[in-house]
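Structure first, then comments.
Read-outs throughout are calculated quantities, based only on the coordinates presented, and are distinct from any laboratory measurement. Just so it is clear, the model here is predicted, and its values are computed rather than measured. Ideal geometry is used to build each Cβ from the backbone, glycine not excepted, and the neighbour counts take in all protein chains shown.
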């Protein structure tokens, strides 16, 4: 699947326009960044509530393509800047991590 | 472990400076200032905040009023459950004469603030405080366990429990401290600071400059 499928198929809101339409081949749900770094596969979409720039730094190291911030948590500007810089697509949704994981799994 | 007991124990252990940092509240800092003044020890007033990453970070201030102001914001932002005193103990705060003023409703160590490490850093620095991520090398509630790497943020210093530090600190100064949760632990892992004068501003400056000797 493509990152843009999260917007078109699930209605998830991109945090910035003209995001890179990265390939997504897997998913990973976690709020513990050391766990993401150690266990997420490359080209994953990360499903999390950790809305801060260190999440982007971690995803960049782990080769993650996109991030979905769940439960309507606000994304700070510096996180958006970091995502642009690292070419990682970034979305928000009001769904929690469980519902988001279920929906994304259906697309993969 | 009342404010007066902490101040007296710190004095008895030969410390010159001690900070009070309750988890996610600063409501005992006014009583602690009074206790420090009575005992004759230099007090620092702060709190140990659980960030949204669930890492413990220290925000330290010159005055109890500033710590209280920060504490109010943090407590409000804390996603937690009501405290059950039978299970987790009383969460009381005291006045200058050690009378109980009240009890805190939310379970202080059972949740996390909605603010991230970077946001808490900014909130602390704009109040002229010191910002020190706590016990960064511990397996729980630490920079290492929650992030796995040292962020680039401009921390005043970081707190370590073991030497040499096991993470790349990216040139940040480090301190050791007791993280005392019981009176008998006060004074463990203390450090000596090279300072011009015993004021908060000079303490901050020396820590930031790394003029630290681990005892």
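Which value, in nm² and rounded to one decimal, describes the direction-averaged projected area of the C-alpha convex hull of the protein assembly as shown? Could you put the intermediate results ahead of the total?
Details: hull surface 67.5 nm².
The orientation-averaged projected area of the Cα hull of the protein assembly as shown comes to 16.9 nm².
From the square roots a ≥ b ≥ c of the eigenvalues of the alpha-carbon gyration tensor of the stretch A:1-100, which class results: rounded (a/c under 1.5), prolate (a/b over b/c), or oblate? Rounded, since a/c falls under 1.5.
What average number of partner chain Cβ atoms lie no more than 10 Å from the Cβ of the residues making up A:45-53? Could the numbers behind the result be given before it?
Details: counts 0, 0, 0, 0, 2, 6, 3, 10, 6.
For this peptide, the per-residue mean of nearby foreign Cβ atoms is 3.
Taking chain B as a Gaussian network of alpha-carbon nodes connected by springs under 10 Å, the highest mean-square fluctuation of the residues B:101, B:60, B:27 belongs to B:101.
Only beta bridges with both residues in the stretch B:9-83 are counted; by DSSP, about 45 percent of them are antiparallel.
Across B:94, B:198, B:108, mean-square fluctuation computed from a Gaussian network of chain B (C-alpha pairs under 10 Å connected) peaks at B:198. FRET efficiency for the residue A:8 to residue A:77 pair, using the beta carbon distance and R₀ = 22 Å, is estimated at 0.30.
To the nearest 0.05, what FRET efficiency results for residue A:43 and residue B:88 with a Förster distance of 45 Å applied to their C-beta separation?
0.55
Placing pseudo-labels 7 Å out from each Cα toward the beta carbon at residue B:76 and residue B:96 gives an inter-label distance of 2.8 nm.
Between B:189, B:127, B:12, the Gaussian network model of chain B with springs among Cα atoms under 10 angstrom shows the greatest mean-square fluctuation at B:12.
Most simply put, the protein assembly as shown has about 50% antiparallel DSSP beta bridges, counting only bridges with both residues inside it. Neighbouring Cβ atoms from other chains, within 10 Å of the Cβ of residues in A:59-66, number 0 on average.
Kindly work out what percent of the DSSP beta bridges joining two residues of the stretch B:3-214 are antiparallel, to the nearest 5. Within the stretch B:3-214, antiparallel bridges account for around 70 percent of the total. Over chain B, all Cα pairs binned in 5 Å intervals from 0 give whole-percent P(r) values of 1, 7, 15, 20, 22, 18, 11, 4, 1, 0, listed from short to long.
Apply the a/c threshold of 1.5 to the C-alpha gyration tensor of the stretch B:1-115 and tell me whether it is rounded, prolate or oblate. List each step's numbers first, then the result.
Details: a/c = 1.99, a/b = 1.51, b/c = 1.32.
Here the stretch B:1-115 falls in the prolate category.
Projecting label points 7 angstrom from Cα along Cα→Cβ for residue B:38 and residue A:107 puts them 6.2 nm apart. Subtracting the Cα-Cα distance of residue A:99 and residue A:61 from 0.36 nm times their residue separation leaves 11.1 nm of extension gain. Shown is the FRET efficiency for residue B:198 and residue B:109, computed with R0 = 30 Å from the Cβ-Cβ distance and rounded to the nearest 0.05: 0.40.
At a threshold of 8 angstrom on Cα-Cα distance, excluding pairs fewer than six apart, so keeping six or more, what relative contact order does chain B reach in percent?
18 percent
Normalising the Debye intensity of the stretch B:101-215 to I(0), with uniform scatterers on Cα atoms only, and taking log10 at q = 0.20, 0.22 Å⁻¹ returns -1.29, -1.43.
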